Amino acid sequence: MAGGLEITEDLTIPKLFWKKAQEFGADRVAMREKEFGVWRPIAWAQYLENVKHLALGLVKLGLKKGDKVSIIGDNRPEGLWAEMAALCAGGIGVWLFQDCLIDEVRYIIDHSDSRFLFGEGQEEVDKALSIIGECPKLEKVIWDDPKGMRNYDQDCLISLKEVQALGRELEKEQPNRFEELVEQGTGSEVALLFYTSGTTSLPKGALLSHNNMLTMGKALMSVDPCYDTDDYVSYLPFAWIGEQMMSISCGLQIGYTINFPEEPETAQENIREIGPHVMFAPPRMYEQMTRTVQVKYLDASWTKRKFFELSNKIGYHVANLKFEKKPIPLHWQLLQWLARITVQNKVRDHLGLSRVRNAYTGGAAMGPDHFRFFHALGVNLKQIYGQTEVAGISVVHRSGDIKFDTVGKPIPGTDIKITEDGEIITRSPSVFLGYYKNPEATDQALQDGWLYSDDKGFIDEDGHLVVFDRTKDVFTLKDGQPFSPQYLETRLKFSPYVRDAWVLGHERDYVAAVMCIDYNVVGNWADEKKLNYTSYPELSQKPEVYELVEKQIRQANKDLPESARVVRFTNLYKELDPDDDELTRTRKLRRSFVQKRYESIVNALYSEDDSVHIDTTIRYEDGREAHIKTDMTIRNVDQ
Amino acid sequence: MVEANEIQKGDVLLELDDVHMYFGKVAALAGVNLKIRKEEIHSVIGPNGAGKTVMMNCINGLYRPQKGTVSYKGQQINHLRPHQRARLGLARTFQKVEVFGGLTVLDNIRLGRHLHYKSGILSGSFYLGKAKKEEIEHRTFIEEEIIDLLEIEQIRHHPVGMLPYGLQKRVELGRALALEPELLILDEPLAGLNLEEVEDMARFILDINEEERWKVTCLLVEHDMGVVMDLSDRVFVLNFGNMITDGTPDEVQNNPEVIKAYLGEEDLYATRR
């Protein structure tokens, strides 16, 4: 249990790491990685050895206290070793998203003054080499996967093994150096520098202390205890605070096993093999799971479909009783048990949720439909609210007290208040130290110890926090009602055919939507209907697909007040993509950007036209450009 | 059975000497001479119907040339059948993928490994000592050397027939590699692939040619001139059964006869880009 650990001013992540490694030694598994088709355990003692030599190697290469060490790559043990080694050596860790474009990489490396960069293999090394000329402070690039690296001999490159060898040399000369390094520092010093994706501007670097990270983990686990026998699967980017929170703040504190998937593509399969006890993922992951189930359902035989429908009915009924905090009558309990053993356990197993005690979602809004869906399956899904600036989370649902339009109650040690303007402000030991090299932004965000979130919300009669949206993202409808477009978008996204939705209607006469179909799901559907298509733009503009999307919109429109219903829509000729700056790396819509980019579409939606002409150039990931000329149909939704 | 000699980098690994192959009165190959040296990538280009695939079939033993000799490591192998040539270290992939659609990726690749299985039926049926040990060794080889190299972890248990064409081509390459060949014949490995898949495949070919672990000599038949000129150490140009030239990519691109006969004036760099 987490309660045992006392977080003093003096405690740092390296000190805790040292303590845990001594405690667990060679007998307990710290992490597991699936490699070459088998799960390979790494004991705490091995973890310590690797981190020790890496840290000493960095010192030998010239790392000084407070130096920044950037890390990029997929989730794998070496990534966590690098982070821990940087911290142990007195450095500050900076994580980059694996799919960052070259400009973002350059910006972050340069802005953070990183002297060292850990990359995984050839891909990251190529990125680093292409920017090293423009980042004069960057000295060494460290790689660990030798694949394709045979022809690289630049002086700035060094392999992880070589760094560790340097570390071993230093250990021979100064056997106690590592312990001395670990002993230095206090909890209030900076541990990590996190660049927030930001829906509006350039990334800002949030400085988080050791104490920020550890208090956050402790507070969360005092609500939902974790155990050192638990398993956790780390597959979301370490550059996302949620993953740091689970792997470092909670993981290191309690000492559960962190499992790394073989490849990003095999993550879902690997999660199923592990069956984690705790899970934290942004809504898109749960949306994806829902879609998987829905698509499988559509493909299943008649009998299976009927069984699924029946168990769903039971599940939804019981979940609703729970939401209303009503007792569950005995016969419903019996039915629920039947549904569990016949259908739900199987479905949960396929999703890797068979053992999960607490599943969290956060980072963006999640629709009530998805929420109900998981609770009906018997998954204890909880909404959390937080931001990078509080080292993860500050508010969470309690078991048995779940309302899907709220994000729950503050965790212990956290105060939440609503300002007169309706802005949510937070005070807790986990509130960050400020933005790196950006005093104006720091002054704006931190006032008298309170963190200003720029999110609007209120506290309801049960003491739950309700988050609206970013202040600027709240719409006013024609009848003067405030309205959250995200709410409607998540409702639209509950349909498996809809990948993304962008809702318009601020101070307009009606609500309109730009829809992005899910290429795979709609593609399969089209195959079955024997519709011919060659590309996403073509498929999206088929009249039959418009019919299908309209049906999904009508479904989402149900039970909405009339002024909030989608009246007109169009299918976008492409998927929204973070590489085109339309979404953030965590797939949040960048409204002002798309508004500007697709101005002609917005105008057409609020005109009498029934189509809009598109003539544009798109850039592919590999740098090729394609000219797109198409007409996008605009359609009214039959109410 | 011919026992192969050990040869060094740069020595001739495979030699065609005055090879003729007729179908009725049509001369598919009319006196072809070719020397492939160890550890090089040697490409064969030529217009459709030039006889490239016939040439590959002669090397791999599917066809027997009527005249001329095929020798491998200095020994004539005209009389050997394809499976005997495979045992010498000669593997190939096909222009149109020839995989076992109903088997999984792993099973397809394991099949390519069967030549290396030494244990008998009895120990195999009961999974006894030797068979077990051998099985584990082969598993390690396949997982660490092939699946990892070709980046097909996520599909190892999928039936090959259900996979997209580009992945099927990768699996076929994997099966050829399972043989641990010394000479690998790649018959249009890039045909029908999209740009991303072409780049991947080109990378794999370089890997198996250059990585210390593999050092496989490659004989590449390909139409994508950009890739051929980038990857090859030497390029052999074939036109209606006759050799036009055999030289480095630079020499070939500047050879007036090649330009006239095959590449065409402006088509010299006609790639998919």
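Bear in mind that the values in this text are calculations on the coordinates, not laboratory data. Everything numeric here is computed off the predicted structure, so don't read it as measured data. Neighbour counts are summed over all protein chains in view; Cβ atoms, including those assigned to glycine, are modelled from backbone coordinates with ideal geometry.
So the values come out like this:
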item: Calculated log₁₀ intensity ratio I(q)/I(0) where the Debye formula runs over C-alpha points of segment A:186-292, q = 0.17, 0.20 Å⁻¹; result: -0.91, -1.15
item: Segment A:84-202: mean projected area of Cα convex hull, nm²; result: 8.8
item: Karplus (6.51, -1.76, 1.60) ³J(HN,Hα), θ = phi - 60°, over segment A:270-278, in Hz, Gly and Pro reported as x; result: 5, 4, 5, 5, 7, x, x, 8, 9
item: Trypsin sites (Lys or Arg not before Pro) within segment A:368-451: DSSP coil, no more than 13 neighbouring Cβ in 10 Å; result: A:Lys437
item: Of B:Leu177, B:Leu190, B:Leu163, the one that fluctuates the most in a GNM where chain B has Cα springs shorter than 10 Å; result: B:Leu163
item: Given charges at Cβ of Lys, Arg, Asp, Glu: segment A:527-588 dipole, positive-most of A:Leu560, A:Thr584, A:Tyr533; result: A:Leu560
item: Neighbour cut-off at most 14 other Cβ (10 Å), DSSP loop, chymotrypsin sites (Phe, Trp or Tyr not before Pro), segment B:1-99; result: none
item: Mean separation of Cα contacts under 8 Å (6+ apart) over length of segment B:100-180, as relative contact order %; result: 55
item: Sorted by Cβ neighbour density within 10 Å, fewest at the top, the residues A:Ser535, A:Ser112, A:Ser70; result: A:Ser535, A:Ser112, A:Ser70
item: Rounded to whole Hz, the Karplus (6.51, -1.76, 1.60) HN-Hα couplings of segment B:107-117, x for glycine and proline; result: 5, 4, 5, 4, 4, x, 9, 4, 4, 8, 7
item: Net dipole in debye of segment A:419-547 [+1 Lys, Arg Cβ; -1 Asp, Glu Cβ; about Cα centre; nearest 20]; result: 520
item: Efficiency of FRET between B:Glu151 and B:Arg64 - r from beta-carbon atoms, R0 41 angstrom, step 0.05; result: 0.60
item: Part-to-part distance (alpha-carbon centres) for segment A:49-106 and segment A:375-443, which is given in Å; result: 28
item: Cβ-placed point charges (K, R +1; D, E -1), dipole of the protein assembly as shown about Cα centre in debye, nearest 20; result: 3040
item: Stokes-Einstein D (µm²/s) once Rh is taken as the Kirkwood radius of segment A:592-639 over alpha-carbon pairs, at 4 °C in 1.567 mPa s; result: 104
item: Pairwise FRET efficiency - A:Asp577 versus A:Glu608, Cβ, R0 = 41 Å, nearest 0.05; result: 0.85
item: D_trans [Stokes-Einstein, Kirkwood Rh over alpha-carbon pairs] for segment A:474-636, 25 °C, 0.890 mPa s, µm² s⁻¹; result: 151
item: Dimensionless Rg/Rh of segment A:389-430 - Kirkwood Rh, Rg from C-alpha atoms; result: 0.99
item: Charge dipole (segment B:100-180, unit charges on Cβ, about Cα centre) - positive-most of B:Val171, B:Thr104, B:Phe141; result: B:Thr104
item: Footprinting exposure proxy for B:Val258, A:Val69 (fewest neighbouring C-beta atoms within 10 Å first); result: B:Val258, A:Val69
item: √(5λ) per eigenvalue of the Cα gyration tensor, segment A:303-416, largest first, Å; result: 29, 15, 11
item: Bridge type composition, the protein assembly as shown - antiparallel percent by DSSP, nearest 5; result: 60
item: Kirkwood Rh, Cα atoms: Rg over Rh of the protein assembly as shown; result: 1.00
item: Local electrostatic count at A:Asp443 - Lys and Arg +1, Asp and Glu -1, tallied over other residues with Cβ under 15 Å; result: -2
item: Highest-MSF residue in chain B out of B:Thr248, B:Thr217, B:Thr140 [GNM, Cα springs under 10 Å]; result: B:Thr140
item: Where only alpha carbons of segment A:128-169 are counted, the Rg and the Dmax (Å); result: 11.3, 33
item: Charge tally in the Cβ shell below 11 Å around B:His79, where Lys, Arg are +1 and Asp, Glu are -1, B:His79 excluded; result: +3
item: Size of charge dipole - segment A:474-636 - debye, nearest 20, with Cβ of Lys, Arg +1 and Asp, Glu -1, no other charges; result: 440
item: Residue-count net charge about A:Trp525 - beta-carbon cut-off 15 Å; Lys, Arg +1, Asp, Glu -1; result: -1
item: Semi-axis lengths, Å, segment B:100-180, gyration tensor of Cα atoms, sqrt of 5 times eigenvalues; result: 24, 13, 10
item: Rel. contact order, % - alpha carbon contacts under 8 angstrom, at least six apart, chain A; result: 10
item: Structure-based [θ]222 nm, chain B - -39500 (n - 2.57) summed over DSSP H runs of at least 4, per residue, nearest 500; result: -9000 deg cm²/dmol
item: Per residue, the convex hull volume that the Cα atoms of segment A:454-535 enclose (Å³); result: 145
item: Cα convex hull of segment A:231-372 - mean projected area over all directions, nm²; result: 9.7
item: R0 of 25 Å, Cβ-Cβ distance B:Glu144-B:Leu103: FRET efficiency to nearest 0.05; result: 0.75
item: Cut-off under 5 Å, modelled amide H: who pairs with A:Ile628 long-range; result: A:Thr616, A:Thr617, A:Ile618
item: Chain B: mean projected area of Cα convex hull, nm²; result: 15.4
item: Top of B:Thr69, B:Thr93, B:Thr104 by mean-square fluctuation, Gaussian network on chain B, Cα under 10 Å; result: B:Thr104
item: ³J(HN,Hα), Karplus 6.51/-1.76/1.60, whole Hz, each residue of segment A:558-567, x for Gly, Pro; result: 3, 6, 9, x, 4, 5, 9, 7, 6, 9
item: Largest-first principal axis extents of the Cα set of segment B:193-266 (Å); result: 39, 26, 22
item: Order of B:Glu199, A:Glu33, A:Glu83, A:Glu461 under a 10 Å beta carbon neighbour criterion, fewest first; result: A:Glu461, B:Glu199, A:Glu33, A:Glu83
item: Helix axis angle, A:102-111 relative to chain A longest principal axis, alpha carbon, degrees; result: 50
item: 222 nm mean residue ellipticity, helices alone, for chain A (DSSP H n ≥ 4; -39,500 (n - 2.57); rounded to 500); result: -11000 deg cm²/dmol
